[in-house]
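So the structure is just underneath, and the comments pick up after that.
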Amino acid sequence: MSQNVTVAAEGAAVYWQVGRTSRSMLNGWKAAGCDLMIPKPRTPKALLADAMGHIYDRRDLLVRPLAKKSAFTVVREIRGQHENDYPQVATAEVNETGDVTATENQMAIQATYDELASVLPGSSVTASLVKIVQALLGVSLRDAGGIYWLPPQALAKWATVAAVAEAAAVDGDTKMYTMRTVMDAETIRAVRDGVVAEMNTAVARILEEINGGTLGERALETKQAECMTLKRRLAEYETILGQTLAEVTESIAQANDAALHAILAAGAEMSV
């Protein structure tokens, strides 16, 4: 049973829709200490494939990778009565610095490549936003994600993150929403349920990996460290909620014990 204590916290529910985003403008996240969350650049190979898909955007034209690294060919599919023919239309390749060489449309492919290299798809920015929310002790309010609750101490940093994300939108399609909440009984229940679900999922994953029997001693020590991180994170949530979550504490302890026993067993096997 949870123990109730005085709650003196508010917070906010946050959600967003993210479109194409300028990667360079996300450098503004540094002001919130979130520069490590900026999505990594796409690989030259992926960018070239995407660029050629834009240039040769016809149903009968197919972009296919070649055996050579970061090289592609475009073939035209000609359907026959008994078999199809695939004559080659063009080839292109790109080096590590982003210089494209092509048998045709080189300038167009290069220009499209450069444009794509400077822009991130909304999906990769969303993945980074979720990581930032988690780092700020945010809690998912739905099993599928999409809506998160942030504690009050995180809101100043989140305001910076949100403002930068909106300003970095290439087509103006990014909208960041922050709705202040009051920690009434219903809000506490929603956040508590989110915390319990998040913790239980993490513990179940750790136990599954430990019980799989394939982890070495160092990997098992990492799992034990993850348990300690969960324990510290839970303590912060309990302070925010003004409740002790004894059932979650117990499940984390069980996962930690499982990791410890597995470490001892692995050590015993090595000493034989």
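In plain terms, the residue of His82, His54 with the fewest other Cβ atoms within 10 Å comes first and the most crowded comes last, giving His82, His54. List the residues of the range 30-69 whose backbone N lies under 17 Å from a point placed 7 Å from the Cα of Asp85 along the Cα-to-Cβ direction. Flagged as within label range: 60-62. Shape summary of the range 21-162, radius of gyration then Dmax from alpha carbon positions: 20.6, 68 Å.
Rg over Rh for the chain works out to 1.11, both radii taken from alpha-carbon positions and Rh defined as the Kirkwood radius.
Annotation: Cα Rg of the range 44-117 relative to the compact-globule expectation 2.2 N^0.38 Å equals 1.12. Would you work out the relative contact order for the range 218-269, in percent, from Cα pairs under 8 angstrom that are 6 or more residues apart? The value is 57 percent. Where only DSSP H runs of four or more residues are counted, the chain gives -16000 deg cm²/dmol as its mean residue ellipticity at 222 nm, each run worth -39500 (n - 2.57).
To the nearest Å, what is the center-to-center distance of the range 69-87 and the range 205-272, using C-alpha atoms only? Measuring centre to centre over Cα atoms gives 53 Å. Modelled label positions at Asn200 and Met228, each set 7 Å beyond Cα in the direction of Cβ, lie 2.8 nm from each other. In the chain, a dipole from Cβ-located charges (positive for Lys and Arg, negative for Asp and Glu) runs towards its positive end, and of Tyr148, Tyr15, Trp158 it is Trp158 whose Cα lies farthest in that direction.
Along the charge dipole of the chain, Cβ charges K/R +1 and D/E -1, which of Met37, Val89, Ala265 sits furthest on the positive end? Toward the positive end, the furthest listed residue is Val89. Here the Gaussian network model covers the chain, with springs between Cα atoms less than 10 Å apart; of Gly216, Gly19, Gly146, Gly216 fluctuates the most. For Glu209, the shell of other residues with beta-carbons less than 12 Å away shows a net charge of 0, using +1 for Lys and Arg and -1 for Asp and Glu. Residues considered: Ser22, Ser140, Ser251. Largest GNM mean-square fluctuation over the chain, using C-alpha springs under 10 Å, is found at Ser251. Computed extension gain for Val130 through Ala108, at 0.36 nm per residue and net of the alpha carbon distance, reaches 4.4 nm.
Legend: calculated FRET efficiency, Lys175 to Ala46, from the Cβ-Cβ distance at R0 = 25 Å, rounded to 0.05, equals 0.40.
Based on C-alpha pairs under 8 angstrom that are at least 6 apart in sequence, the chain has a relative contact order of 28 percent.
Every number in this text was worked out from the coordinates using simple rules, so none of it is lab data. None of the values given here were measured: they were computed from a predicted structure. Quick reminder, even Gly has a Cβ in these numbers, built from the backbone with ideal geometry, and neighbours come from all protein chains shown.
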